[in-house]
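Here's the structure we're looking at; comments come further down.
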Amino acid sequence: MRPSRLLLGVAWAAFVAGALWVVEAGGRRSAGGFPPGSVFNPTPEGLSLAYGYLGERSRLAGGSRPAPAVLAERPRADNLPPEGVLFRVRPTRSPHAVSPEETGKEKGVTRRPLLTSAEDAWVRAGGRLVLAVASSYGPLTLTPGRFAPRARKVFPLWPGVQQIAPVGPAPAPGGPPAADAHAVFLAGDAPILSRLPLGQGDVILLVTPEVLENSRLGFADHLRLLEALAEAGRPVVFDEWAHGLERDGGLLDRLLAWGFGPSLVVGALAFALALWRGRARLGPEETEPPETRSEAVDLVDSLAQLYERALSRRDAASLHFQAFRRAVSLRTGLVGGALDRRVRDLLGKGPPPLPAAGEIPASDFARRLSLVNDGYRRLHEHARTRRRA
């Protein structure tokens, strides 16, 4: 085997192996393609069952309960429903801006509040934010637990929810939000579910988000907890922007985000220049060549179709023979018996006489046409021979 073919085979095998590894690695990273806590994630760590349950509940209610929605943009005052419920489960990014006015700076240390100004105003007007986190989030810090005590209810809220069953040791929340909130469920001394009232609304702090996810939604009173958090009659929204999902602004916005703005401007100017240059004439104007195609072929085809519709085969053969006889008379000047002898000479033995009445078969018609056409050919060849002489 030649070295070039061997190198090509090795490269192809490496490409196939790399593609298979990428596919398998992508499957290992996320079987559902979306991060944990997403309503589009059907794996045990997703919220697809909770989202589907609330949607089915709305459908069975006949529209009296609004269907859950998905938020795919940064939370603002105009895209959060009044007195609604916003679920933010396992967020991977915060809606806080990075400007000093939004975050605040104190002694050179950046201080981020738990809520943005828009979220704070929305909650105080009657909204509810369900913040289910498994790691530190802004001023809310989580310390991993060492043992897994049984969760117990310590505040008379949501009568139908008496038991929750988190997986493993529950983390202990800390920071100002945890200190200002009153605990609803404790695991040992650590509040795992707390309520922080703000104005007419509240913020629910849940440090065991697995109780709302697919793998644990059917355990204990987790489904009742979901119903209690998403109160009847209140619009429910799941924050998917916190998982990196964002509305696509279109191809132009994406190209501008990738830094192709100057290239688009240069391309547009080049296109405009090409159009302008194409409209400018160089040299004298060129006239279009005249039409030289003969219409004789089209005329013959049209006449043939007309004759075929108007004449029978017997009449067409007779007219064709008579036209040939006139052509011989015009070319030679013969008439009478001399003309008949010249016609027979040009046609050879000549076609048999036509029947007095009735149609002739197609084979006989074709043979008569062939004989007359051969007579035309001999007539033209004889005329060219005489001209050369």
Inset, instruction - Would you mind telling me which numbered condition in (1) small (Gly, Ala, Ser); (2) crowded, with 21+ Cβ neighbours inside 10 Å; (3) assigned to a loop (DSSP other than H, G, I, E, B) Gly160 fails? - result: (2)
Inset, instruction - Spot the failing condition for Phe185; the list is (1) assigned to a helix (DSSP H, G or I); (2) within 25 Å of Phe155 (Cβ to Cβ), and only one is missed. - result: (1)
Inset, instruction - Could you grab me the full set of residues in segment 138-157 that are in a loop (DSSP other than H, G, I, E, B) and closer than 28 Å to Glu231 by Cα? - result: Gly138, Pro139, Arg150, Val154, Phe155, Pro156, Leu157
Inset, instruction - Exactly one condition in (1) touching a Leu at 6+ places or on another chain (Cβ under 9 Å); (2) closer than 16 Å to Val89 by Cβ; (3) of a type outside the set (Asp, Glu); (4) crowded, with 21+ Cβ neighbours inside 10 Å is not met by Leu217; state its number. - result: (4)
Inset, instruction - Scan Gly168, Gly199, Gly175 and give me the residue that is at pLDDT below 90, loosely packed, with under 14 Cβ neighbours inside 10 Å and either within 41 Å of the chain's Cα centre (by Cα) or not aliphatic (A, V, I, L, M) (or both). - result: Gly168
Inset, instruction - Return the residue satisfying two criteria in turn: it lies in segment 223-240 and is surrounded by fewer than 21 Cβ atoms within 10 Å (Cβ to Cβ) and in contact with a Lys or Arg (Cβ under 7 Å, 6 or more places away or on another chain), and of such residues it is modelled with the lowest pLDDT. - result: Ala232
Legend entry - Candidates Asp180, Asp239, filtered to the one that is under 26 Å from Gly62 (Cα atoms) and of a type in the set (Asp, Glu): Asp239
Legend entry - Filter pass, Leu346 being over 25 Å from Arg378 (Cβ atoms), surrounded by 11 or more Cβ atoms within 10 Å (Cβ to Cβ) and touching a Leu at 6+ places or on another chain (Cβ under 9 Å): no
Inset, instruction - Run Pro351 past the list (1) surrounded by 15 or more Cβ atoms within 10 Å (Cβ to Cβ); (2) modelled with pLDDT of 85 or more and report the number of the one that doesn't hold. - result: (2)
Inset, instruction - Determine, yes or no, whether Ala190 is of a type outside the set (Lys, Arg), touching a residue at least 12 places away in the same chain (Cβ under 8 Å) and either surrounded by 21 or more Cβ atoms within 10 Å (Cβ to Cβ) or under 23 Å from Gly138 (Cα atoms) (or both). - result: yes
Inset, instruction - Quick one: Ala179 ticks every box in (1) out of contact with any strand residue (DSSP E or B) (no Cβ under 8 Å at 6 or more places or on another chain); (2) more than 27 Å from Pro95 (Cβ to Cβ) except a single one, so which number is it? - result: (2)
Legend entry - Condition broken by Gly63, with the remaining ones in (1) on the phi > 0 side of the Ramachandran plot; (2) modelled with pLDDT of 85 or more satisfied: (2)
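Listed here are the residues, each with its yes/no results for (1) surrounded by 11 or more Cβ atoms within 10 Å (Cβ to Cβ); (2) within 60 Å of the chain's Cα centre (by Cα); (3) closer than 17 Å to Ser312 by Cβ.
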| site | (1), (2), (3) |
| --- | --- |
| Ala323 | yes, no, yes |
| Ala327 | yes, no, no |
| Gly333 | no, no, no |
| Asp374 | yes, no, no |
Inset, instruction - Would you please name the residue that is surrounded by the fewest Cβ atoms within 10 Å (Cβ to Cβ), looking only at residues in segment 60-86 that are within 28 Å of the chain's Cα centre (by Cα) and not aliphatic (A, V, I, L, M)? - result: Glu73
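The values are calculated or read from the model by the stated rules, or taken from the named source; none is laboratory data. Bear in mind that the values here come from a model prediction, so they are computed numbers and not experimental data. Cβ: placed from backbone, ideal geometry, glycine included. Neighbour counts: every protein chain shown.
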